[in-house]
Amino acid sequence: MPLLIITTILWAFSFSLIGVYLAGQVDSVFSVLVRLGLAALVFLPFLRWKGHQLTTILLYMAVGAMQLGIMYLISFEAYLYLSVPEFLLFTVMTPLYVTLIYDLISGRKIRVGYALSALLAVAGAAIIRYDHISEHFIIGLLLVQAANICFAIGQVGYKRLMETRPMPQHTAFSWFYIGALLCAVVAWFLWGNPQKLPTTNLQWGILVWLGIGASGLGYFMWNYGATQVDAGTLGIMNNFHVPAGLLVNLAIWQQQPHWPSFIMGAAVIMSSLWVHRRWVVPRREQTADDRTRAAAPNE
């Protein structure tokens, strides 16, 4: 949980930096390429292939390509249609995607309690940003939902791989970023625009920060933290970036949120986490214990 909280704070600055200084000014594919290239360099010293099956390595690369490569390409495109607050709003469905996809991948029944607590987090984030939607919201909505699904698949895929095909996490992430980088390289040769490269030191500096800080360290901490919590908690934590991102907008650019909605929505998100950890998880653990006792032979 602490790693997820730290990463949420770290990422809160990324939304505004991309929306204000990069979107529409720097080619989105190039931004993704530089960001993932720097992140891959951070973990390159930990690259190992001995002792690991090729299938396992390819799966970690595929997860990286999905969670970061494809997700980033879609997300940067979405910024062309949305303001930063709108982008944050349209990410509110991620908790539900995480819980549902985890149940599907792990081959278990849909856990209603997990889904309901995730929906509570979705409701809280939606309350914060229910208004001020632009005329391009449909295109932006579809793009962000596609990015959300890719992000959810990547998170859940990494968590499941660590459960079924574990390897040291720093090694896993070296392959994770290689997969993401290969996706970005292919996208650059297909759709990159060399006429829209960064033109200021500030833009280059933001890309370096996004690559080394937000991506290189941030996604490692997030996915490491994801392996330490249940899928329901992971899903709920995905929506804490909404109030955090809006607070950054306020602190740096003085863009005031609608305070009654902000306070109410943040309270609902917090309550969703409390409900999940106080009621849903203990109830599920009790049910599992009851089943174990029922299956035990009578003495």
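Checking 231, 187, 121, 152 one by one, the residue that is modelled with pLDDT of 95 or more and open to solvent by less than 20 Å² (accessible area, probe 1.4 Å) is 187 and no other.
Put simply, of 60, 97 the only residue that is of a type outside the set (S, T, N, Q), buried (at least 21 other Cβ atoms within 10 Å of the Cβ), at pLDDT below 95 and out of contact with any Pro (no Cβ under 9 Å at 6 or more places or on another chain) is 97. The numbered conditions (1) open to solvent by 40 Å² or more (accessible area, probe 1.4 Å); (2) at pLDDT below 95 are all true for residue 4 except (1). Taking each residue of the range 195-211 that is in contact (Cβ under 8 Å) with a residue 40 or more places away in the chain and within 15 Å of residue 20 (Cα to Cα) and looking for partners that are among the basic types (Lys, Arg) and open to solvent by less than 40 Å² (accessible area, probe 1.4 Å) with beta-carbon atoms closer than 7 Å, six or more apart or interchain, yields 207/35; 210/35.
Taking each residue of the range 149-168 that is under 17 Å from residue 235 (Cα atoms) and looking for partners that are in a loop (DSSP other than H, G, I, E, B) with beta-carbon atoms closer than 7 Å, six or more apart or interchain, yields 159/227; 160/106.
Under the condition of being over 18 Å from the mean Cα position of the chain (by Cα) and either farther than 27 Å from residue 60 by Cβ or open to solvent by 20 Å² or more (accessible area, probe 1.4 Å) (or both), the residues counted in the range 8-32 number 10.
Yes/no per residue for (1) in a helix (DSSP H, G or I); (2) under 15 Å from residue 73 (Cβ atoms); (3) among the basic types (Lys, Arg):
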{"residue": "178", "(1), (2), (3)": "yes, no, no"}
{"residue": "181", "(1), (2), (3)": "yes, yes, no"}
{"residue": "184", "(1), (2), (3)": "yes, yes, no"}
{"residue": "189", "(1), (2), (3)": "yes, yes, no"}
{"residue": "199", "(1), (2), (3)": "no, no, no"}
{"residue": "204", "(1), (2), (3)": "yes, no, no"}
{"residue": "209", "(1), (2), (3)": "yes, no, no"}
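Residues checked against (1) in a helix (DSSP H, G or I); (2) in contact (Cβ under 8 Å) with a residue 12 or more places away in the chain; (3) under 23 Å from residue 243 (Cβ atoms):
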position	(1), (2), (3)
10	yes, yes, yes
25	no, yes, no
36	yes, yes, no
40	yes, yes, no
62	yes, yes, no
65	yes, yes, no
92	no, yes, yes
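I'd like to know if the range 47-55 contains one or more residues that are small (Gly, Ala, Ser) and open to solvent by 10 Å² or more (accessible area, probe 1.4 Å). Checked the range 47-55: at least one residue is small (Gly, Ala, Ser) and open to solvent by 10 Å² or more (accessible area, probe 1.4 Å).
Of the residues contained in the range 66-79, none is found to be buried (at least 20 other Cβ atoms within 10 Å of the Cβ), over 18 Å from the mean Cα position of the chain (by Cα) and either small (Gly, Ala, Ser) or modelled with pLDDT of 90 or more (or both). Would you check if residue 226 is under 23 Å from residue 90 (Cβ atoms) and more than 14 Å from the chain's Cα centre (by Cα)? Judged against the criteria, residue 226 is not a match. One residue stands out among those in the range 165-176 that are of a type outside the set (Val, Ile, Thr) and part of a helix (DSSP H, G or I): the one that is nearest to residue 63 (Cα to Cα), which is 176. Each residue in the range 200-211 was checked for being touching a helix residue (DSSP H, G or I) at 6+ places or on another chain (Cβ under 7 Å) and either under 17 Å from residue 12 (Cβ atoms) or of a type in the set (Asp, Glu) (or both), and 2 of them qualify.
Within the option set 144, 84, being at pLDDT below 85 and either hydroxyl-bearing (Ser, Thr, Tyr) or surrounded by 16 or more Cβ atoms within 10 Å (Cβ to Cβ) (or both) holds for one residue only, 84.
The values are calculated or read from the model by the stated rules, or taken from the named source; none is laboratory data. Computed from a predicted structure; not experimentally measured. Glycine also receives a Cβ, built like all others from the backbone with ideal geometry; neighbour counts cover every protein chain displayed. We work out accessible area using only protein heavy atoms, side chains counted, and drop any ligands, DNA or RNA first. Shrake-Rupley method; radii C 1.70, N 1.55, O 1.52, S 1.80 Å.
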